[in-house]
Amino acid sequence: MEPSPKDGESAAAAEPSRGGTAPSSGVVVQVREKKGPLRAAIPYMPFPVAVICLFLNTFVPGLGTFVSAFAVLCGAHTDLPDRHVCCVFWLNIAAALIQILTAIVMVGWIMSIFWGMDMVILASKYS
């Protein structure tokens, strides 16, 4: 049984990603990253401070994250505007402790480096 031309057209319209080219319909797709509370607590710092925190996190896991916690107390913005400053401060302290305690098995060291890279990326977007 061969499909009628009308069935073939509806099947092609329903599956534009297979085979042929997709028609340009002008649809705008928005992608938003959902961050967890620890990741959203990373402060937007000035670029030189973020680079220093990355350097500290690279050689002493958690130290740069610990320093960034005090940046929150100094007025640095985060992606958690509805939370109190003290809550965001303690979230950063918790992230630093997790990095320090898990550095023994290399997980904390790698997490610490990625955390520092996120600080630099956020600082470059903030500037």
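The values are calculated or read from the model by the stated rules, or taken from the named source; none is laboratory data. Everything numeric in this text was worked out from a predicted model, so none of it was measured. Using ideal geometry, Cβ is built from the backbone for each residue, glycine included, and neighbour counts are taken over all protein chains shown. Please note that ligands, DNA and RNA were not included when accessible areas were found on the heavy atoms of the full protein model with its side chains. Shrake-Rupley method; radii C 1.70, N 1.55, O 1.52, S 1.80 Å.
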- Task: Among what's in segment 78-97 and is free of Cβ contacts under 8 Å to residues at least 40 places away in the same chain and either touching a strand residue (DSSP E or B) at 6+ places or on another chain (Cβ under 9 Å) or under 23 Å from F59 (Cβ atoms) (or both), pick the residue that is least open to solvent (accessible area, probe 1.4 Å).
- Result: A96
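If you check A50 against the conditions, is it assigned to a helix (DSSP H, G or I) and touching a strand residue (DSSP E or B) at 6+ places or on another chain (Cβ under 9 Å)?
Details: assigned to a helix (DSSP H, G or I): yes; touching a strand residue (DSSP E or B) at 6+ places or on another chain (Cβ under 9 Å): yes.
Yes.
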- Task: Output the residue which, of all residues in segment 40-71 that are among the β-branched types (V, I, T) and in contact with a Cys (Cβ under 9 Å, 6 or more places away or on another chain), is farthest from Q99 (Cα to Cα).
- Result: V67
- Note on the structure: For segment 106-127, the count of residues that are in a helix (DSSP H, G or I) and at pLDDT below 90 equals 2
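A quick yes/no check of all residues on (1) in a helix (DSSP H, G or I); (2) under 17 Å from G36 (Cβ atoms); (3) at pLDDT below 95:
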| position | (1), (2), (3) |
| --- | --- |
| L54 | yes, no, no |
| P61 | no, no, yes |
| V72 | yes, yes, yes |
| G75 | no, no, yes |
| L80 | no, yes, yes |
| R83 | no, yes, yes |
| C86 | yes, no, yes |
| L91 | yes, yes, yes |
